[in-house]
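Quick notes on the structure that follows.
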Amino acid sequence: MQNRKARIAVLVSGGGTNLQALLDAEKSGIIKSGEIVLVISSNPNAYALERAAHASVDAVTVSKKAFGGQEQFEESIRRKLTEYQIDFIVLAGFMSILSADFTSRYPKRILNVHPSLIPSFCGQGFYGLNVHIAALEKGVKVTGATVHYVNEIPDGGEIILQKAVSVREKDTPESLQKRVMRLAEWKILPAAVEKVCAAFLEN
Ligand code: GAR
């Protein structure tokens, strides 16, 4: 039986439903090769912080404003990651872009969940509800979610898992967002985390 688990930090900015999916997956044993030991929020009012507290997971806020700029902001994140001996960083609705300097320090150690089938509706400006507005404007019949590694190109890193979701004629951006979360994001994010943590422990 293995005792060692990969140590995971989840970076959030808002509601944290993907964080919740990860916490639930750890509890139910879907994630068995990793443990969430730290939550970092870029927003002091993020509901995700309450989810972390409820699960008794340590949580900190690092706000760009308070730190006076990108460099200090990233440095404070890095300090926390080192302090908690983090193996994997999961961006779960984290709305700040991380610099190439930051991402290059953690090759294949940062995962992100994006609410479309990359390479559609991704990159600069495509985040949150905007992604679903763009998908409906384009009239695509299928959309979905992607979990990928993070590198210096926004949404450009290697794809780990994807799941398709059908668009309905009466969909609004909000209804589509909810369905993509429920049917795709909340399933493939825990699955991808388990996949990379299990592979990490084998090496
Ligand atoms: C999710 O839909 C996530 O995929 C998206 O923001 C939402 C966060 O919700 N992320 C991006 O658009 C990143 N480019 P949550 O806080 O409830 O997990």
Among residues of region 106-117 being more than 10 Å from the ligand (Cβ to nearest atom) and of a type outside the set (A, V, I, L, M), the residue nearest to residue 82 (Cα to Cα) is 106
Residue hits (region 118-142; touching a Lys or Arg at 6+ places or on another chain (Cβ under 9 Å) and within 12 Å of the ligand (Cβ to nearest atom)) are 121
With criteria (1) on the phi > 0 side of the Ramachandran plot; (2) in contact with a Cys (Cβ under 7 Å, 6 or more places away or on another chain), residue 85 comes up short on (2)
Result of the Cβ filter at 7 Å on region 11-30, keeping first residues that are more than 13 Å from the ligand (Cβ to nearest atom) and partners that are not in a helix (DSSP H, G or I), at least 6 apart or interchain, is 25/31; 26/35; 26/36
- residue 138 surrounded by fewer than 19 Cβ atoms within 10 Å (Cβ to Cβ) and within 22 Å of residue 193 (Cβ to Cβ): no
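Among what's in region 141-159 and is acidic (Asp, Glu) and in contact with a strand residue (DSSP E or B) (Cβ under 9 Å, 6 or more places away or on another chain), pick the residue that is least open to solvent (accessible area, probe 1.4 Å). First the steps, then the outcome.
Here is the first cut: in region 141-159, the ones acidic (Asp, Glu) are 152, 155, 158.
Cutting the leftovers down to in contact with a strand residue (DSSP E or B) (Cβ under 9 Å, 6 or more places away or on another chain) gives us 155, 158.
On the way: 155: 26, 158: 101 Å².
Among those that are acidic (Asp, Glu) and in contact with a strand residue (DSSP E or B) (Cβ under 9 Å, 6 or more places away or on another chain), it is 155.
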Per the filter on region 31-56, residues among the β-branched types (Val, Ile, Thr) and within 15 Å of the ligand (Cβ to nearest atom) are 36, 39, 40
Those residues of region 178-196 which are open to solvent by less than 50 Å² (accessible area, probe 1.4 Å) and under 15 Å from residue 116 (Cα atoms) amount to 179, 180, 181, 184, 185, 188, 189
Considering region 126-167, residues that are β-branched (Val, Ile, Thr) and under 21 Å from residue 98 (Cβ atoms), and then whichever is modelled with the lowest pLDDT, we arrive at 153
The condition from (1) in contact with a strand residue (DSSP E or B) (Cβ under 9 Å, 6 or more places away or on another chain); (2) open to solvent by less than 30 Å² (accessible area, probe 1.4 Å); (3) not aromatic (Phe, Trp, Tyr) that residue 162 misses is numbered (2)
Sole miss for residue 114 among (1) touching a residue at least 24 places away in the same chain (Cβ under 8 Å); (2) open to solvent by 50 Å² or more (accessible area, probe 1.4 Å) is condition (2)
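The values are calculated or read from the model by the stated rules, or taken from the named source; none is laboratory data. Predicted, not measured: the structure shown is a model, and the values here were computed from it. Note that we place each Cβ from the backbone using ideal geometry, even for glycine, and neighbour counts take in every protein chain shown. What goes into the accessible areas is simple: the full protein's heavy atoms, side chains included, and nothing from ligands, DNA or RNA. Shrake-Rupley method; radii C 1.70, N 1.55, O 1.52, S 1.80 Å.
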